[in-house]
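Taking it in order: structure first as C-alpha cells, then the write-up.
The values are calculated or read from the model by the stated rules, or taken from the named source; none is laboratory data. Keep in mind that this is a model prediction, so the values were computed, not measured. Positions of Cβ are backbone-derived with ideal geometry, glycine not excepted, and every protein chain shown enters the neighbour counts.
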C-alpha cells in the first residue's frame, strides 16, 4: 500500500497544536461567554479530533479505505446520536 | 422427501493422509500457550468458553431450584439477585458473544476460505489471553461477593445504590470486549485479503458471510459499551452527574448507550448460528442452498438494521412515545431479513434427500426454536402488548428461545458438524442424536411455561412468587434438569470420542466446503496444496462426492 509518511516535524507540530488547544479549552472555562460557551468548546474539540484523524490516523495521506473506515464510524455515531435524540428532543411533546 | 439411513457418508475424493497435523506437530504446554495456529487457538477458546458455560449453568440451576417453591427457600433475595446477575453476565459476555466466532470461527474461517491462517495470528493469540484476563477477573468478582445489578447494570442503581463489585465486573466486561474487537478486526481483514484463488464473494460459504457480518457489529458496537462503562465508573467514583437524575444526569441515557451495544450483541450471538445452519441444511439435504444471495445479504441487513432497534428495550422506561413509535416500526423491519433466512432454509429442505444425523437434528431444532423466539419478538415490538408483558417471564422466555434455543442449538449443530474435522475422530451418533432430542425436549419444557407465566403477569428477577404460579415453575425447573442432562451428555461423548478409535476421515458428511478437502485433523498449514475454487460452496448436485475445488 503506497503511503506518504509525514515527517517527525509535523508530528511535533500536531502534538503542540493539541496541547495549545487543550489550554485554550481550559482557559475558556474562566471566560463568561453565556450561550456561546458550549458551541465554542465543541468547535475546539472538533478541531482536535480532526487534527488527530488527519495526522495521527494517517487519513491525510491514506487511501480511500481509511476514509471508508472513518465514514463507517461517523455514520454509526450519527445513528447513535440521531435515534437517541429522537427520544430526548420529543420526550416533552407528550408523555404516557 | 427421501430419508437416508447411512450413519454417515462415504469418504470424499481427498483421502490422502498426512502424518503431521496441527495436533501432533508440537507437544508440551508451551507449544499450546505460545501457538499462533488458528486451529489450536480455537481449541483453547473451546476449553475456556466451556468452563464459563458451566459457571453460568450452575447459576441457572440454582435459580431454577430456588423457584421450585413460591417462597424461595433455597437462597436469600440478595443471593438470588447475585445469581441471576452472574448467570446473565457470564452467559452473555463470556459465552454467547464469543463462543461461535472464537471457537468455530477461529478454527474454520481460514479453512473455509483456503487460507493458511487468520490475517493476524499473533493478534488472535493476544485476543485469547485478553479474554482469559477478563474471564478470570469476572470469576474473581463472582467468588468474592458477586454483583447484584443484573447483566444490564442499569443506573442509578449501579452507579449509586449497589454496594457490590460493580466496577470490577464492568472492568472484566470491557477487557473481554477488547478480545471481541480484535477477533472482529482479524476476521474482516482475513475475509478481504486471504481468500483462495477463485473464491469470489459470491462463492463464499454462508458461514463466512455470517462471521463477516458479526465482525462488523463487534467492531462498531463494542467500543460504545466500553465508553459507557467508563462513564458509569466516572459517576460511581467521583459523583459526576451523567446518569443520576439527582445530579442532573439522565438514567435513560445509560439505557440508550447500553442497548446500542447490547441489542446488536443479540445479532452477534445469533448470526453465526444462522451461518452454521446454512452450512448444514444443504449438506444433509444433498441440495444447493435456496436463495444464496438473499441469505448472504440478509446477514448484512440484520447487522445494519439491528443497530436501529435498541429503543424497544425502553418502551416503559420513560422513553418518548414518538421515539417508541419509530423504534417499534424499525423492530418490525429487522424481522424481514430473519424471515428471508427461515423461508430459504425451508425451501432448501423441499424435495431434498434429507437425512437426520446429529448436526441436522440440531439445525432443525434451531429453525423451530428460533422461529418461535422471533415471532414472540414481533409481539414484543408491538407497543401495547409490550407494556403488558414488559419485565415479565414472557421476555425471559422470548430471549432464551433466541439465545439458547437458537444460538446454543446452532453452536451444538456446528460443533457436531465440524468435530470430525477438528479432531479427526467421530463421536457416537446414537448418543449424539439422543442428546439433541433431550436438549430439544428439555428446552421446550423449561421455557414454554415461562411464556404462560409472563403472560399471566409473573415478573422476572423476583425470588418469590404467588402460589398459583408454582405448577408452571415446577414444570420449568423439571425441564431445566432435563436440559442440564442434555448439555452434559455431549461433554461426555465428545471427550470419549478423542480416546476412541473411530476415525472420521477427511470428509465424513461428503460435504462440499473447502474445509473438507483437507485431511482431518488438518495439517499445520491447513492445505497440502493451495486450493483453486471453481464453483459455489453448495454444489451438491454437481457431484455426490463433494468435489468442490481443483488443486
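Answer yes if at least one residue in region B:96-112 is part of a helix (DSSP H, G or I) and within 29 Å of residue B:462 (Cβ to Cβ), and no otherwise. Within region B:96-112, one or more residues are part of a helix (DSSP H, G or I) and within 29 Å of residue B:462 (Cβ to Cβ).
Selection over region A:24-68 of residues that are in contact (Cβ under 8 Å) with a residue 24 or more places away in the chain and assigned to a loop (DSSP other than H, G, I, E, B) gives a count of 5. Evaluating residue B:213 against the criteria (1) surrounded by 24 or more Cβ atoms within 10 Å (Cβ to Cβ); (2) away from chain A (no Cβ under 14 Å) leaves one unmet condition, (2). Evaluate the following for residue B:229: is it within 24 Å of the chain's Cα centre (by Cα) and farther than 24 Å from residue B:146 by Cβ? No, not satisfied.
Taking first residues from region A:71-96 that are within 8 Å of chain B (Cβ to nearest Cβ) and partners that are in a loop (DSSP other than H, G, I, E, B), the Cβ contacts under 7 Å between residues at least 6 apart in sequence or on separate chains come to A:87/B:319; A:87/B:320; A:90/B:320; A:91/B:320; A:93/B:320. Could you check how many residues of region B:137-173 are part of a helix (DSSP H, G or I) and closer than 16 Å to residue B:56 by Cα? Adding up the residues that qualify gives 10. Restricting attention to region B:345-367, the residues being within 26 Å of residue B:431 (Cα to Cα) and in a helix (DSSP H, G or I) number 11.
Checked across region B:174-191, the condition of being more than 28 Å from residue B:402 (Cβ to Cβ) and not in a loop (DSSP other than H, G, I, E, B) holds for at least one residue.
I need the full set of residues from region B:515-533 which are in a loop (DSSP other than H, G, I, E, B), touching a helix residue (DSSP H, G or I) at 6+ places or on another chain (Cβ under 9 Å) and farther than 23 Å from residue B:26 by Cβ, in order please. Matches in region B:515-533: B:531 only. On inspection, residue B:317 does not qualify as surrounded by 22 or more Cβ atoms within 10 Å (Cβ to Cβ), at pLDDT below 95 and within 14 Å of another protein chain (Cβ to nearest Cβ).
Among the numbered conditions (1) within 14 Å of chain A (Cβ to nearest Cβ); (2) under 20 Å from the mean Cα position of the chain (by Cα); (3) modelled with pLDDT of 95 or more, the only one that residue B:172 does not meet is (1). Looking at A:60, A:35, which is the one that is within 30 Å of residue B:321 (Cβ to Cβ) and more than 14 Å from chain B (Cβ to nearest Cβ)? None of the others qualify; the one that does is A:35. For residue B:317, the conditions (1) touching a residue at least 40 places away in the same chain (Cβ under 8 Å); (2) part of a helix (DSSP H, G or I) all hold with the exception of (2).
The residues on offer are B:311, B:306, and the sole one that is part of a helix (DSSP H, G or I) and within 8 Å of chain A (Cβ to nearest Cβ) is B:311. Looking at this structure, is residue B:69 under 18 Å from residue B:459 (Cα atoms), touching a helix residue (DSSP H, G or I) at 6+ places or on another chain (Cβ under 8 Å) and not in a helix (DSSP H, G or I)? Here the answer is yes, as residue B:69 does meet what is asked. In region B:412-433, is there at least one residue being surrounded by 21 or more Cβ atoms within 10 Å (Cβ to Cβ) and closer than 18 Å to residue B:87 by Cα? No, because not a single residue in region B:412-433 is surrounded by 21 or more Cβ atoms within 10 Å (Cβ to Cβ) and closer than 18 Å to residue B:87 by Cα.
Applying the criterion of being closer than 21 Å to residue A:85 by Cβ and more than 32 Å from the chain's Cα centre (by Cα) to the residues of region B:236-246, the residue that is surrounded by the fewest Cβ atoms within 10 Å (Cβ to Cβ) is B:245. Of all residues assigned to region B:328-344, at least one qualifies as being within 11 Å of another protein chain (Cβ to nearest Cβ), at negative phi and either touching a strand residue (DSSP E or B) at 6+ places or on another chain (Cβ under 8 Å) or in a helix (DSSP H, G or I) (or both). Only one entry of B:202, B:178, B:229 meets the criterion of being under 19 Å from residue B:113 (Cβ atoms), in contact (Cβ under 8 Å) with a residue 40 or more places away in the chain and out of contact with any strand residue (DSSP E or B) (no Cβ under 6 Å at 6 or more places or on another chain), and that entry is B:202.
For the residues B:253, B:271, B:257, B:220, the requirement of being surrounded by 23 or more Cβ atoms within 10 Å (Cβ to Cβ) and within 13 Å of chain A (Cβ to nearest Cβ) singles out B:220.
Residue by residue, here is whether (1) surrounded by fewer than 22 Cβ atoms within 10 Å (Cβ to Cβ); (2) away from every other protein chain (no Cβ under 12 Å) holds:
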residue	(1), (2)
B:186	no, yes
B:189	yes, no
B:197	yes, yes
B:208	no, yes
B:231	yes, yes
B:280	no, yes
